[in-house]
Amino acid sequence: MRIDLLMSPHQTDDLTLRDKKIVVVDVLRASTTIATALQNGAREIIPVASIERAVKISGSLFGDAILRGGERNGKMIDGFNLGNSPAEYAEEKIKGKVIIFCTTNGSLAIERARYARTLYVCGFVNITAVAEAVEKDDSDVTILCAGKSGLLSLEDTICAGMLVRMVSDEKTSSVDLSDSALAAATLHKSLGRNIHKMVKGTEHGKYLQSIGFGDDLSLCSQVDAFSVVPQLIGNAVKLKADSLRPETGVQISA
Ligand code: MLT
C-alpha cells in the first residue's frame, strides 16, 4: 500500500482523485461535526460547496426532514438551522434528519473527491475506526486535508500524520509513504503528544477561540470518542455499514 497526502483540496482536482481511496480530514471542524452528527443519529449529510446549492437542494422538505448546517468564517450562515459546532449536533435536534452541509474547506474537500472509489471522513474523534477501515484492503490511499483556503493547517496535517502512523505501523515495510505522508507522520511524532494543546495553538484554533467556540477545541481533540466511519455513498455521507463497533480506545503514542 502507498500512502499519499495532500495538504489542501486546492492542490488537486476531481478527475485526479477519481476512483481512488480517499480519506478527508478536517479536524476543525467539519470532520468532527460530521462524525458527531452520524454518531447522534443523523440519517445522512449531503456536503455541498456553495450556499446557493444548499438552499436549492433543501427544497420543500427544508426545516422538517431536512436541515441546513454549516458556516462561513466559522459562524452559522443566515437561513441555516445549524452552524458547524459539533456541540450543536445533539441527538434531539438531528436524529433521523438529512443535513445539507456547507462549510468553507471541509465540504469543499469532500465535493472535490466526490468521484473517489471510496471516501471516508476522519478526525481525531474517529481515527482508529477510520484506520481500520483503510486497512481492510491493501489498495493505495490518499489523505486529503481540508487545510485553510488552499494552505496547510497544522491540526489536519498532524491528524493525517497520526493516521499514517496507525496504518503504516512503522514496522510494516509493505507500506510506502510519499514525502508529504512522511512529513505529516514526523510532525505527529514531534507535536502530537498533547492533541488539545496542539489544536489550541493553531491558527484556526486561535480564531475559533476568539469568536467564542473555544469549547469546540476539546470536542475536536478527543481521540477515539466515537467508532463511526462516515463514508460518501452517492452524494451523501452516511455511516459505513459495519462501522458501529465497541470502543477500543487505541491511541498511538507520539
Ligand atoms: C471548514 O470547513 O472550513 C471548517 O470546518 C471551518 C470551521 O471551523 O467551521
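The values are calculated or read from the model by the stated rules, or taken from the named source; none is laboratory data. In this text the structure is predicted, and so the values were computed from the model without any measurement. Every residue, glycine as well, gets a Cβ built from its backbone with ideal geometry; the counts of neighbours run over all protein chains shown. To get the accessible areas, we keep the full protein, side chains included, count just its heavy atoms, and leave off ligands, DNA and RNA. Shrake-Rupley method; radii C 1.70, N 1.55, O 1.52, S 1.80 Å.
Could you sort the peptides 96-103, 25-32, 3-10 by per-residue average Cβ neighbour count (10 Å cutoff), highest mean leading?
25-32, 96-103, 3-10
Under a 5 Å amide H to amide H cut-off, with H placed in plane at 1.01 Å, what residues pair with ILE233 once short-range neighbours are removed?
HN-HN under 5 Å from ILE233: LYS238.
In whole Å, how far is the Cα centre of segment 10-24 from that of segment 104-173?
12
At 222 nm, what helix-only mean residue ellipticity would the chain give, in deg cm²/dmol to the nearest 500, using -39500 (n - 2.57) for each DSSP H run of four or more?
Result for the chain: -10000 deg cm²/dmol, rounded to the nearest 500.
Which of GLY192, GLY96, ALA109 sits closest to the plus end of the dipole of the chain, meaning its Cα is farthest towards the positive end, when Lys and Arg get +1 and Asp and Glu get -1 on the C-beta?
GLY96
Pop a pseudo-label 7 angstrom from the Cα along the beta-carbon direction at both ASN235 and ILE51 and give the gap in nm to one decimal.
Distance between the two pseudo-spin positions: 2.1 nm.
If you take the beta carbon distance between ARG2 and TYR115 as r and set R0 to 25 Å, what does 1/(1 + (r/R0)^6) give as a FRET efficiency, to the nearest 0.05?
Working: r = 20 Å, r/R0 = 0.78.
The pair ARG2/TYR115 has a calculated efficiency of 0.80.
Determine the percent antiparallel among the DSSP beta bridges restricted to the chain, to the nearest 5.
Just about 25 percent of them are antiparallel.
Give the calculated FRET efficiency between LYS136 and SER210 to the nearest 0.05, with a Förster radius of 45 Å applied to their Cβ-Cβ distance.
So the FRET efficiency works out to roughly 0.65.
Just to confirm, what accessible area per residue do you get for the chain at 1.4 Å probe, in whole Å²?
Values: 10880 Å² over 254 residues.
Result: 43 Å² per residue.
Could you give the size of the charge dipole of segment 2-235 about its Cα centre, using +1 on the Cβ of each K and R and -1 on the Cβ of each D and E, expressed in debye and rounded to the nearest 20?
It works out to roughly 320 debye.
Under the 0.36 nm per residue contour assumption, what length would be gained going from the current alpha-carbon distance of SER60 and LYS95 to full extension?
Values: separation 35, 0.36 × 35 = 12.60 nm, distance 1.92 nm.
In short, 10.7 nm is gained.
Please report the carbon-and-sulfur percent of the accessible area for the chain; probe 1.4 Å, protein heavy atoms only, DNA, RNA and ligands left out.
Its accessible area is 50 percent carbon and sulfur atoms.
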